Amino acid sequence: MASVEEKGDTAKKKQWKTNEVPTRNRSRGKEKPAERKEATTPRSRSTPSKDRLPQPNARNVTANVIAKLTPAELEQQLQEQLTSCRFEDAAAWIKASPYLSEKYQLADVVRLVLDQRHFDLAGRLIREHKLAENQQLVTFFIMELVRSGRFHLAVRYAQELVPQFNGGDEHVTDRPMWTPTTLVMAMIRAQQYKTALKYAKQFNLETEFPVKKFVQGMLHEKAWADAFAVIMEHNMEKEFPIDILITNMLSERQWSAAIKSIKMAKRGDVFTTKVLVQRMIQSGDFLATLNYLKEFSLTDDHDLVRQMLNSMLHFDELYKAIKYSIKFGLAIEPAYNPSRLIDLAIDRRQFHVASLYIKKLKLENEFQDDLRHIAHEKDGLLATFRALMARKRQRQRSPEYQARLRECLGDDYEEPEEEIDIVLSVEEEIIPRKAPAPKTSLLERLHLHDNPSSLSFLLQDMKGLGGSTSFADADSAFAFAPPAPRPLVVQPPLPPPQLQSRPPFPQTAPSPPLPRGPPPPPPPPPQSSGFYQFQPPLPSAAASLAMQFHVPPQQPLLPPPPFPLAPPLPSQPAKPHRTFVPSLSLKPSQLGPKHT
């Protein structure tokens, strides 16, 4: 009785018919692939097969075409083939044309191929056209392979094309230039000791080329891994101690080769994992240190981590020091506090590291002065760099430099273009103005202020003539010289006046407009010189505005009082003088006149 596994295996097996091809397991669409009834033809291979190689019929066609061309056309066609690097066609035409074969040789085509460093094509042409008899060409071919460092290819073609390459010493005089000894010596001169040792053993040349010399050459070239492999293979530990070799590997930072050699030589008791990581820390290779700390599970060794952080500070790797002090939990210690390390970065002018961690750790309040210092230093460095570039640009635009450049470049010289300054940012500063005082009408201000003494100040604040000058300062309003200030006279205190109620404003109708007529001639200036000097007539705009604030006809204008020479005598209080009362204010208001 078959087991369950055997039943599953038989169920998985599929039997295909002989004339059918199995369908694909994966279909591109959702529908199942249709069953194929006819076998498909196999796909063509990408590698050239025998069917794709040139056949004799193609050669006959080439010969027929060549026979129809004149010698000039043949040379022109050959020149086109050589310039377009169609060397195989050129070799075929030279071989098929008697005229071209007499004038040109196939060896010249092979030399052109070697100049283009196409060694495989050169070997194929030598093999197909049977040019191995030309030993000068073969010698030149192998010499080019050796010059290019293709030693494996040189040995292979030398074994194929050079007669008696490894035939012994019976025909010393008839031996060619390239022999196994000459090839091994060429490898040694090229410091390819591993390849030279390989072919020295292959051609039984150990007596002529001892292994010790190869190991010394490998150690001199610091090929530690190759030297270790040769030492272990030939049991040369006494001549070349393994510990010294591993130490040299660690000194050259070849960590993987050293670890591999330690495992192969079983020297793990001497070179422990902690010792290896310490050597990495001392060399300053922190990427390998972090890698092998995780690989060897040494991240919990805080002493080793502290040693790594100290080495980072020694090598000015402050970015890594701050990062891994936080990552390994040592930021709480004062020696590895991020604030202290940021200060150290600022002192060592690593401003990018300091700015990054100040922003990342949100320490802007703690480093405000340092941030301003960093910005100032950056501005200075930027100004220095711009000055340097300006001097460099000035030197490049100098006539002497342009003349030398024109002489060197010739027709490729281009005149320097004018540089256009590109504005990267525009800073706009808005200075706020003082808020204007709220404007109120004269009627509102009259109703709000009951004190009669404030009326004069209200009238002074009015902007009647389009400026900030009141009607009381009429002299200065018309650009006249201001009057001389009065002398200060100390007056005795006046007796308290008798309080009288202010009479209400007379409610009268506005005066009718005056008839227009020809303007009267200006009056002659008075001869008196006093406080009020001569004033020219008011302009029309000022006159019309003054008409709105005319004095009522009931009270004629009084002459100005003289200068007070003595304290005035007490007199009866006069009625309140109403001046500059607008006609609009004479209209009755809803509140009525106010009484004091």
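Please treat every number below as a calculation from the coordinates, not as lab data. A quick note: this is a predicted structure, and the numbers were derived from the prediction, not measured. Glycine also receives a Cβ, built like all others from the backbone with ideal geometry; neighbour counts cover every protein chain displayed.
With the requirement that a residue be surrounded by fewer than 17 Cβ atoms within 10 Å (Cβ to Cβ), hydrophobic (A, V, I, L, M, F, W, C) and more than 25 Å from THR299 (Cα to Cα), what does region 322-363 give you?
LEU356
Residues that are at negative phi and of a type in the set (Asp, Glu): list the helices (runs of 4 or more DSSP H) wholly contained in region 340-447 that include at least 2 such residues.
Those helices (runs of 4 or more DSSP H) span 368-396, 399-409.
Report yes if ILE246 is touching a Lys or Arg at 6+ places or on another chain (Cβ under 7 Å), of a type outside the set (Gly, Ala, Ser), more than 30 Å from GLN350 (Cβ to Cβ) and in a helix (DSSP H, G or I), otherwise no.
yes
Under 8 Å between Cβ atoms, which residue pairs at least 6 apart in sequence (or on different chains) link something in region 382-404 that is over 16 Å from GLU414 (Cβ atoms) with a partner that is not acidic (Asp, Glu)?
ARG395/TYR401
Kindly state which helices (runs of 4 or more DSSP H) lie completely within region 271-337 and contain at least 3 residues that are touching a Lys or Arg at 6+ places or on another chain (Cβ under 7 Å).
none
Against the condition closer than 23 Å to VAL110 by Cα and either part of a helix (DSSP H, G or I) or within 55 Å of the chain's Cα centre (by Cα) (or both), how does GLN216 come out, does it pass?
No: the conditions fail for GLN216.
For the structure I just gave you, tell me whether LEU330 is in contact with a Phe, Trp or Tyr (Cβ under 6 Å, 6 or more places away or on another chain) and either touching a residue at least 24 places away in the same chain (Cβ under 8 Å) or within 30 Å of VAL230 (Cα to Cα) (or both).
yes
Could you please find all residues in region 181-209 being under 55 Å from the mean Cα position of the chain (by Cα) and among the hydrophobic types (A, V, I, L, M, F, W, C)?
Within region 181-209, LEU183, VAL184, MET185, ALA186, MET187, ILE188, ALA190, ALA196, LEU197, ALA200 qualify.
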